[in-house]
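J.: Below is a structure I'd like to ask you about.
The values are calculated or read from the model by the stated rules, or taken from the named source; none is laboratory data. In this text, all values refer to a predicted model and were calculated from it rather than measured experimentally. Methodologically, a virtual Cβ is constructed for each residue, glycine included, from the backbone with ideal geometry; neighbour enumeration extends over all protein chains shown. Calculation scope for accessible area: heavy atoms of the full protein, side chains included, ligands and nucleic acids excluded. Shrake-Rupley method; radii C 1.70, N 1.55, O 1.52, S 1.80 Å.
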Amino acid sequence: MNNLVFSKQDNDKWAKKMPGKMTSACLIIIRQNKALMVKANYKDHWTFPSGIVDDNESPLDAAIRETKEETNIAVSKSQCSHFCTIFTYSDGDSRDRFNFAFIAQSLPDTLQIRCNGHEISSYSWVRLNEIAKKSKYKGSYLILQDLLTNRISGRYFEVR
């Protein structure tokens, strides 16, 4: 049974009507050289807990909110730091997008992860060198994998 929140077509139609550039944010949680990734029901690839930044919300607030909604992990601002910002140009089907990536630190060793089931169907701890593969080689995830495996942060990138 597939409990889609909305179809890919509905999402694409909605996104194309939005003015300006889209802004999204993700939170990277790492344990023992593995990163937490989630599978949304309406996507064909895995991502970090992430989502669109709402009106009157900062990218960090969005990353924290989306992580809580998608995994039930509560993270405070003091546990997060900016990792990088990636701008992805439109491919013709999607819009230009800014993605702010944050990394969580000082989290407890035992996390109580619970996917909401409504939007997120499952989660997985993915080896850092397999992040791009899990995301179906999305351009931003190629960059994120390289940065994480080489322990580089705090930069701005563009993807075509």
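J.: Which entry in [x] 22, 19, 16; [y] 46, 19, 12; [z] 34, 17, 12 matches semi-axes √(5λ) of the Cα gyration tensor in Å derived from the coordinates of this structure?
T.: Matching entry in [x] 22, 19, 16; [y] 46, 19, 12; [z] 34, 17, 12: [x].
J.: Same structure again: For the chain, with every protein chain kept in place, what is the accessible area per residue (1.4 Å probe, Å²)?
T.: I get 57 Å² per residue for this part.
J.: Can you figure out the FRET efficiency of D93 with R127, using R₀ = 22 Å and their beta-carbon distance, to the nearest 0.05?
T.: My answer for the efficiency is 0.15.
J.: On the accessible surface of the chain, probed at 1.4 Å, how many percent belong to carbon and sulfur atoms?
T.: 47 percent
J.: Let me ask you something else. In segment 25-69, what GluC sites (Glu not before Pro) fall in a loop by DSSP, with at most 16 other Cβ atoms inside 10 Å?
T.: Those satisfying the criteria are E57.
J.: Accessible area, 1.4 Å probe, largest first: how do D61, D146, D55 sort?
T.: If we order D61, D146, D55 from most to least accessible, we get D55, D146, D61.
J.: To the nearest 500 deg cm²/dmol, what mean residue ellipticity at 222 nm is calculated for the chain from DSSP H runs of n ≥ 4 alone, each contributing -39,500 (n - 2.57), summed and divided by the residues?
T.: The helix contribution divided over the chain gives -7000 deg cm²/dmol.
J.: Could you give the nm distance between label points at V159 and Y137, where each point is 7 Å from its Cα heading toward the beta carbon?
T.: The two pseudo-label positions are separated by 1.3 nm.
J.: Would you mind estimating how fast segment 107-160 diffuses translationally, via Stokes-Einstein at 37 °C and 0.692 mPa s with the Kirkwood radius over Cα pairs, in µm²/s?
T.: It diffuses with D of about 249 µm²/s by this estimate.
J.: Further question on the same structure: So what's the net charge close to S106: Lys and Arg +1, Asp and Glu -1, counting the other residues with Cβ under 15 Å from its Cβ?
T.: Net local charge, S106 excluded: +1.
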